1. Taking segment 316-355 as the search range and keeping residues that are without any contact (Cβ under 8 Å) to a residue 40 or more places away in the chain and of a type in the set (S, T, N, Q), which one is surrounded by the most Cβ atoms within 10 Å (Cβ to Cβ)?
2. How many of the residues making up segment 364-375 are under 23 Å from His492 (Cβ atoms) and in contact with a Lys or Arg (Cβ under 7 Å, 6 or more places away or on another chain)?
3. Can we say Tyr385 is in contact with a strand residue (DSSP E or B) (Cβ under 9 Å, 6 or more places away or on another chain), touching a residue at least 40 places away in the same chain (Cβ under 8 Å) and open to solvent by 20 Å² or more (accessible area, probe 1.4 Å)?
4. Hey, among Val501, Val428, Val442, which residue is β-branched (Val, Ile, Thr), in contact (Cβ under 8 Å) with a residue 40 or more places away in the chain, closer than 22 Å to Ile377 by Cβ and open to solvent by less than 40 Å² (accessible area, probe 1.4 Å)?
5. Does segment 375-396 contain at least one residue that is part of a loop (DSSP other than H, G, I, E, B) and over 22 Å from Ala339 (Cα atoms)?
6. Which residue out of Ser461, Ser514 is of a type in the set (Ser, Thr, Tyr) and closer than 30 Å to Ala378 by Cβ?
7. Identify the residue in segment 48-63 that is in a loop (DSSP other than H, G, I, E, B) and of a type in the set (A, V, I, L, M, F, W, C) and, among all such residues, is nearest to Ala97 (Cα to Cα).
8. So which residues in segment 53-106 are hydroxyl-bearing (Ser, Thr, Tyr) and under 36 Å from the mean Cα position of the chain (by Cα), if there are any at all?
Amino acid sequence: MSDTAACPECDGGCPRCHWRGRRRAQLLLTVANTDTGAVASHRVTPADLDPRPDPAGGAVADLTTRVRDLASTIAVALDPDPLRVRLPPAWRPELPATERHTLAAQALADAARRPWRLWVGGSTARSPVDPQIRLAQLCRLADLLLLDLVVTVRRCDGHRVWTVRYEVPGSPVPGGPVEGSPDLATALTLTDARAALAGLTERGRSAPARPLDAGPRRCGTAQGPPVPAPIEPVGRIERRVLAELAGGVDRPGAQAVWREGGWWLTGLRRAGSPGRSAVRGRPPLCRVAEPLEPSRLGAPAPDRDRPAVLVTVTDLRYRVVHLTWRSGTPETTGTVATAPDGRSVVQLPERYRLGAWARVFGVRGEDLAEADGGHMIARDLRDGYVTLPWVGADPVGEYVRRAGADLPAGRLLVTAARPTVPPPSELVRLVLGLDLALHLSVLDLRRHAGHPLWLDGRWWSVEVRPRDAPVHPDDLPTRPSLAAALDDCLTHLTDDVAELVPTDPDEPLPVPGSPAREPVTDPVPALLRLAAQHAGRALTLRVTRDGHTVHRHDDDGVRLVG
């Protein structure tokens, strides 16, 4: 019997099934130990499923125990979320074996949209997150960053879904698909400051821009955090939000908004008339009642021709600096270069240079990143460079327009914290255990140091590839530091490996396994020496179980250099 199933989304081929009309009916479960490098895997086929009746109806095959068994085999402290495969409604235990296999294959093919599931953990369990402490931290940081912390519950297919996120004041209620947690405590354990900031730009794109209020306000200092306001117990907040949810007829959701040291409770309602919503799909939501206007921020800026950007630099703990950049502000600037088209490049004073503020926080300019998404801060914003479109143009105005493009409510939030990442040798050992390839690339541009129009420093990328994948000429370094590249790779590791499987559905999934391994030698020092010898050209170190090779990216392709 085949371990494939017909693709339910096409008739003969689509991108999901790689134009084959069939999908692989297999799941690969893998657990890796970051402390020892050991890896254990299990390939699930339709014959492996053991469906049981589900109290909610139908039948479900629970694979969670198999993940726990893999973790126990290599001594990983892991408590995975439930992993279940729901069988089609037509499945019955009394059906002939061929029909049961076909229906089980359909269920696995649907679950195999992510065919490779990877869990990574250490030998010692992490300390559990206390939802009450997490909530207090998020509320305190919201006050420091001049943001709202919004707790939302939404109705979704008969279930309640909870989310916790930051928003700029004046943001509309987000629409679109609802994803979240079954209760508030779980949502808090899964939402740290970075997760709460994710998507802030999109959520606040239509919110009004507000300058920083000139009045006195409480903020954090280098000496320690401010005294936090008393935070209600998580359970009580959950009950209050649910009361708002039940307080109106057919309310689709409710919210608790933390603003300026207090909670504001409101239900959500559908905007627009029922007739229009039936034609145009799901209507947008809005709040039944809005919180009071924030006193820490000024009135919405009415004049878009004279923009202002509110810049916030923070370590996401208790240190924060707020800067207001306004067009038309007279500043002394100096011409530092001339662009190829003849325009002048000037440099603004230090308060406009985010790299100078990085030093205040004890990090390098390369460690600065956008709070939403972790994208790097551009060189001109780090060093205060601006190209004037014409002689006599307003330097600050041009700088603000560049900085303020697509910002939510004119807010630029910047994190000043070096990523906490393991050494590269640990990632190498992990990738070897998974029997994949690690591509570690570096581009040495230090000879351009100080030139305002050219990239300088060292640029990095760290990527996981299939074991036999070649080095591609266009795979060039894009991250301004090795720590940022490692953080990017580890953050997306479980999602990336899900795509590193053979596209032919008839080809069985590999089953990587490895015993504990000794730590490998850190390859970075040797790579740096080579990069200095090939300055101006990107080098990629390719590491597999078969060995290490170094490749140089030339204009006409990739050349093996060692």
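1. Of everything passing the filter in segment 316-355, Thr338 is surrounded by the most Cβ atoms within 10 Å (Cβ to Cβ).
2. 2
3. Details: in contact with a strand residue (DSSP E or B) (Cβ under 9 Å, 6 or more places away or on another chain): yes; touching a residue at least 40 places away in the same chain (Cβ under 8 Å): yes; open to solvent by 20 Å² or more (accessible area, probe 1.4 Å): yes.
The answer is yes for Tyr385.
4. Numbers: Val501 fails: closer than 22 Å to Ile377 by Cβ; Val428 fails: closer than 22 Å to Ile377 by Cβ.
Only one candidate qualifies: Val442.
5. In the first step, residues of segment 375-396 are kept if they are part of a loop (DSSP other than H, G, I, E, B); the result is 375, 377-378, 384, 388-394.
Within this subset, residues satisfying the condition of being over 22 Å from Ala339 (Cα atoms) are 375.
Within segment 375-396, one or more residues are part of a loop (DSSP other than H, G, I, E, B) and over 22 Å from Ala339 (Cα atoms).
6. Values: Ser514 fails: closer than 30 Å to Ala378 by Cβ.
That would be Ser461, the only listed residue that is of a type in the set (Ser, Thr, Tyr) and closer than 30 Å to Ala378 by Cβ.
7. Step one: filter segment 48-63 for residues in a loop (DSSP other than H, G, I, E, B), giving 49-51, 54-58, 63.
Filter again for of a type in the set (A, V, I, L, M, F, W, C), leaving 49, 56, 63.
On the way: Leu49: 13, Ala56: 25, Leu63: 21 Å.
Only one residue tops the list, namely Leu49.
8. Applying the first criterion (hydroxyl-bearing (Ser, Thr, Tyr)) to segment 53-106 yields 64-65, 72-73, 98, 102.
Result: Thr64, Thr65, Ser72, Thr73.
The values are calculated or read from the model by the stated rules, or taken from the named source; none is laboratory data. Fair warning: this is a prediction, and the values are worked out from it, not measured in the lab. So basically every Cβ, Gly included, is an ideal-geometry build from the backbone, and we count neighbours across all protein chains shown. Each accessible area value is taken on the protein alone, full model and side chains, heavy atoms only, with ligands, DNA and RNA left out. Shrake-Rupley method; radii C 1.70, N 1.55, O 1.52, S 1.80 Å.
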